[in-house]
1. List the residue pairs whose Cβ atoms are under 6 Å apart, where the first residue sits in the range 99-123 and is closer than 16 Å to ILE17 by Cα, the second is exposed (fewer than 12 other Cβ atoms within 10 Å of the Cβ), and the two are 6 or more positions apart or on different chains.
2. Which one of these does VAL14 not meet: (1) β-branched (Val, Ile, Thr); (2) surrounded by fewer than 18 Cβ atoms within 10 Å (Cβ to Cβ); (3) touching a residue at least 40 places away in the same chain (Cβ under 8 Å)?
3. Under the condition of being modelled with pLDDT of 95 or more and either assigned to a helix (DSSP H, G or I) or not hydrophobic (A, V, I, L, M, F, W, C) (or both), which residue from the range 24-41 is nearest to LEU86 (Cα to Cα)?
4. From the list GLU21, GLU64, exactly one residue is modelled with pLDDT of 95 or more, assigned to a strand (DSSP E or B) and farther than 29 Å from ARG124 by Cβ. Which is it?
5. Of the residues in the range 77-107, how many are among the aliphatic types (A, V, I, L, M), assigned to a strand (DSSP E or B), closer than 22 Å to VAL60 by Cβ and over 11 Å from the mean Cα position of the chain (by Cα)?
6. Considering each of ILE30, ILE73, ILE2, ILE34 in turn, give the residue that is more than 22 Å from THR121 (Cα to Cα) and within 11 Å of the chain's Cα centre (by Cα).
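The values are calculated or read from the model by the stated rules, or taken from the named source; none is laboratory data. Everything numeric here is computed off the predicted structure, so don't read it as measured data. Virtual Cβ from ideal backbone geometry, glycine too; neighbours counted across all protein chains shown.
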Amino acid sequence: MINYDDFKKIDLRVAKILKAERVEGSDKLIKLQISLGDPPPPEGADGGGQRQLVAGIGTVYTPEILIGKQIIIVANLEPRTFTLRLSSGQVVLESQGMLLAASDELGPVLLCPESEVEPGTGIR
């Protein structure tokens, strides 16, 4: 178990998907460009602006249906780098957060706000 003070450190926010594309050579990975609202925060601060996420949701979701969708993300997660080895060479991708999804036998199910809210809105 974690205590409440540790839980408060997790920065959950609403993000809007601006762009989505499959990662070449992967059936599972989709690269997302998301907005956490405007204006971007000062250098080194979390908050608004745009960032990239890489998510393993491609077996259930197509890029076309993701564009414009609002999702819930962990905004203050340390970035993670993925290195993919493809027949055409090596691709390095950085994911600057994590989206939240439930998972069942059919695959991932994105967690989304019930109604539209401003990108960057905090979850509490």
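1. VAL109/ALA102
2. VAL14 satisfies all of (1) β-branched (Val, Ile, Thr); (2) surrounded by fewer than 18 Cβ atoms within 10 Å (Cβ to Cβ); (3) touching a residue at least 40 places away in the same chain (Cβ under 8 Å) except (2).
3. LYS31
4. On the way: GLU64 fails: assigned to a strand (DSSP E or B).
The match here is GLU21.
5. Within the range 77-107, the subset among the aliphatic types (A, V, I, L, M) is 77, 84, 86, 91-93, 98-102, 106.
Those still in the list that are assigned to a strand (DSSP E or B) too: 84, 86, 91-93, 98-99, 101-102.
Filter again for closer than 22 Å to VAL60 by Cβ, leaving 84, 93, 98-99, 101-102.
From what's left, over 11 Å from the mean Cα position of the chain (by Cα): 84, 93, 102.
Total meeting the criteria: 3.
6. Numbers: ILE73 fails: more than 22 Å from THR121 (Cα to Cα); ILE2 fails: within 11 Å of the chain's Cα centre (by Cα); ILE34 fails: more than 22 Å from THR121 (Cα to Cα).
On inspection, the qualifying residue turns out to be ILE30.
For (1) at pLDDT 95 or above; (2) crowded, with 16+ Cβ neighbours inside 10 Å, each residue gets a yes or a no:
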site: ILE73; (1), (2): yes, yes
site: VAL91; (1), (2): no, no
site: LEU99; (1), (2): yes, yes
site: GLY107; (1), (2): no, no
site: GLU114; (1), (2): yes, no
site: GLY122; (1), (2): no, no
